[in-house]
1. Would you please state which residues of the stretch 55-78 a label at Asp294 would reach in this model, taking the label point 7 Å out along Cα→Cβ and a backbone N cut-off of under 19 Å?
2. Need the list of lysines near Lys18 for cross-linking: C-alpha distance under 21 angstrom, and skip anything on the same chain fewer than eight residues off.
3. From largest accessible area down, sort Met63, Met110; use a 1.4 Å probe on the protein chains.
4. Can you flag which of Lys50/Lys71; Lys101/Lys123; Lys71/Lys275; Lys141/Lys278 are past 22 Å Cα-Cα?
5. Whole-Hz ³J(HN,Hα) for each residue in the stretch 264-271, computed from phi via Karplus 6.51 cos²θ - 1.76 cosθ + 1.60 with θ = phi - 60°, x for glycine and proline: what do you get?
6. Provide the FRET efficiency to the nearest 0.05 for the Lys278-Asp254 pair, computing r from the beta carbons and using R0 = 35 Å.
7. Out of the total accessible area of the chain (probe 1.4 Å, heavy atoms of protein only), what percent is carbon and sulfur?
8. What residues qualify as long-range amide H neighbours of Thr207, i.e. H under 5 Å apart, gap of 5 or more or another chain, H built at 1.01 Å from N?
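The values are calculated or read from the model by the stated rules, or taken from the named source; none is laboratory data. On a predicted model such as this, the values are computed, not experimentally measured, just so you know. Cβ: placed from backbone, ideal geometry, glycine included. Neighbour counts: every protein chain shown. To get the accessible areas, we keep the full protein, side chains included, count just its heavy atoms, and leave off ligands, DNA and RNA. Shrake-Rupley method; radii C 1.70, N 1.55, O 1.52, S 1.80 Å.
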Amino acid sequence: MALFMEWFTGCTNGPPTKSSPLDWCFTLLSLAALTKAKKIVLDNNPDLTKLYIGLWIFLVIRMHLLLYLSKGFSGFVHLSKRFPNVWINTMLYFPIFFSLKLVSFILFEMLPFEHAGEIYRVKEHDGPSGDDGKYTLERYKAFAMDLNKPLLYRTVNNWLQPMIYPFLVSSGTNCNIYSIGPYTGFGVLNSISCQTHVILRNSLFGTHPASNYYICFFVEDDGNGYVHTVHACAPGLDQIYKSAWSFYADHLVDLCVESEGRINGAFDARIESLKYVKSTWKPVDAGQSRLQRDSLIAFPATTIEKRDYRKNE
């Protein structure tokens, strides 16, 4: 039974590096359920059908155009080939998540006070070499650039645990994979990086079920790493997001260590290119009203030898 569950969750040779049979089961059930809902609801409401299809076309085109213009399309295609069910899930639930996000956003904006969000401390630990458990922004960036990393905690014991897996596909765009129970989807966010912080955000037309006002990774002068998140989440989804970020902050260093065992400094030049804001952004000059990108840098996937996670067991 244990071997069957490992196969079913794609963990036979370690954490899943591609869509698992169980992930495909959820995707196919979602497709069947949404097809049934279409027959019951949309087919009997022509005007609603036109609105739904029009919204879906707009959201899908906008997402792919954003990735193309930000030079992240190559990395996005690589991730879609690795996890095709994630792309299908994202497309299936896109209008539903947008509607949920729109309602949540309006409710949060109507509150009589600003939502300050939550701050999570990145958990560190002492590794065998003494500094394996230290969190730094350079370490995080290298981890995010690794487009071949497995979904480390999408395993038998943690399959339903909400989690985030960042993938930096260009100097201006993240195409993360996030899980909410059985659901996995792409989270496309704008990104800006420098020596002291990394900021991510999306819009109402983004792929997430919650509106990310912003997410900021930073390190204080006490040497500790923190993540400040501000989301507009619907009731119930708010608890799921907090669970995801708490688990992520507790295991971020472990994710970095796993990635470093495969990439072995392969992204040092890329990290240097993101060291200063001026490398990819032009400061505002007199008469200009906003920041302007100088030149985005594409971060395509690299070919890395597959690692057998069971050799060391």
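1. Only 70-71 fall inside the zone, counting backbone N under 19 Å.
2. The reachable lysines, counting only those whose Cα sits under 21 Å from Lys18, are Lys81, Lys149, Lys306, Lys311.
3. Met110, Met63
4. Lys50/Lys71; Lys101/Lys123
5. Values, residue by residue: 6, x, 5, 10, 4, 5, 5, 4 Hz.
6. Working: r = 33 Å, r/R0 = 0.95.
It comes out at approximately 0.60.
7. Whole-percent figure for carbon plus sulfur exposure: 62.
8. Val188
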